1. Those residues that are assigned to a strand (DSSP E or B) and hydrophobic (A, V, I, L, M, F, W, C), I need them from region 1-20; list them, please.
2. Exactly one of these conditions fails for Asp100: (1) buried (at least 17 other Cβ atoms within 10 Å of the Cβ); (2) touching a Pro at 6+ places or on another chain (Cβ under 8 Å); (3) of a type outside the set (S, T, N, Q). Give me its number.
3. Please give the helices (runs of 4 or more DSSP H) falling wholly within region 86-168 in which 2 or more residues are within 30 Å of Leu38 (Cβ to Cβ) and of a type in the set (S, T, N, Q).
4. Are any residues in region 23-66 aliphatic (A, V, I, L, M) and in a loop (DSSP other than H, G, I, E, B), and if so, which ones?
5. Go through region 38-56 and count every residue that is aliphatic (A, V, I, L, M) and either surrounded by 15 or more Cβ atoms within 10 Å (Cβ to Cβ) or within 21 Å of the chain's Cα centre (by Cα) (or both).
6. Look at Pro102 and say whether it is in contact with a strand residue (DSSP E or B) (Cβ under 6 Å, 6 or more places away or on another chain), modelled with pLDDT of 90 or more and not hydrophobic (A, V, I, L, M, F, W, C).
7. Restricting to region 116-132, and then to whatever is within 11 Å of the chain's Cα centre (by Cα) and surrounded by fewer than 16 Cβ atoms within 10 Å (Cβ to Cβ), can you tell me which residue is nearest to His27 (Cα to Cα)?
8. Residues that are surrounded by fewer than 19 Cβ atoms within 10 Å (Cβ to Cβ), under 18 Å from the mean Cα position of the chain (by Cα) and under 17 Å from Val138 (Cα atoms): does region 69-81 have at least one?
Amino acid sequence: MLFEGKDIHADVLAWRAKLGYIPEEAHLYTWMSAMEYLQLVGRLRGMGERLIEQKALAMLQLLGLESWRFSPMTVYSKGMRQRVLMAAALMHDPQMLVFDEPLSGLDVLSSRLFRDLLQELAGAGKAVLYISHVLEIVEQLCDRVIVISEGKILADAAPGELTRLTELPSLEKVFAQLVRQQDTRSAARSMVEAMRMSHV
């Protein structure tokens, strides 16, 4: 696998230093505060203490977590923990970011901030791999879509090109056709009929 024309396996540590990652589930050391966690991340990334403090405080302020920065993350909501992960992923100014269902658990305002952030990161020349099943967001934000089903790549094109080629109105309908998804309307109707069954 190549990144910026270089084999990532030639120097795995250098490659990892260029990578930022937000997983779907926020697995954090919840006994730590957000500030302690970001300090840990910064130190693991080899950043200087002063820079860590400046960046951590700035990120927490921008993410609405400044007043919570010394509280243990056990008292944080899922959305707050996702925002801590967001700050941790961005602390070291990575060249590539991998976001795996990053909107999971975020409130409406945080989701909007994240969408704007994606566009800013792309505008700043960052490579962003955005993994999501929310296809309307993918359609709005991504300039290239790869549809994978059962480990196989079924499509790789711009969202508009996929809808144009398939003559379907939305990426969701393209996806359903590509993966030969069942007729969800009929399945939903059958579920309601099963639910209404009376005892015999």
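The values are calculated or read from the model by the stated rules, or taken from the named source; none is laboratory data. It should be emphasised that the depicted structure is a prediction, and the values quoted were computed from it without experimental measurement. Neighbour counts are summed over all protein chains in view; Cβ atoms, including those assigned to glycine, are modelled from backbone coordinates with ideal geometry.
1. In the first step, residues of region 1-20 are kept if they are assigned to a strand (DSSP E or B); the result is 2-3, 6-7, 19-20.
Result: Leu2, Phe3, Leu19.
2. The one condition Asp100 does not meet is (1).
3. Details: elements: 108-123, 135-141, 159-166.
In region 86-168, 108-123 are the helices (runs of 4 or more DSSP H) which contain 2 or more residues that are within 30 Å of Leu38 (Cβ to Cβ) and of a type in the set (S, T, N, Q).
4. Initial filter on region 23-66 (aliphatic (A, V, I, L, M)): 26, 28, 32, 34-35, 38, 40-41, 44, 47, 51-52, 56-60, 62-63, 65.
Passing the criteria: Ala26, Leu28, Met32, Met47, Leu63, Leu65.
5. Just the residues of region 38-56 that are aliphatic (A, V, I, L, M), to begin with: 38, 40-41, 44, 47, 51-52, 56.
Cutting the leftovers down to either surrounded by 15 or more Cβ atoms within 10 Å (Cβ to Cβ) or within 21 Å of the chain's Cα centre (by Cα) (or both) gives us 38, 41, 47, 52, 56.
Result for region 38-56: 5.
6. On the way: in contact with a strand residue (DSSP E or B) (Cβ under 6 Å, 6 or more places away or on another chain): yes; modelled with pLDDT of 90 or more: no; not hydrophobic (A, V, I, L, M, F, W, C): yes.
Criteria not met by Pro102.
7. It comes out as Ile131.
8. Checked region 69-81: no residue is surrounded by fewer than 19 Cβ atoms within 10 Å (Cβ to Cβ), under 18 Å from the mean Cα position of the chain (by Cα) and under 17 Å from Val138 (Cα atoms).
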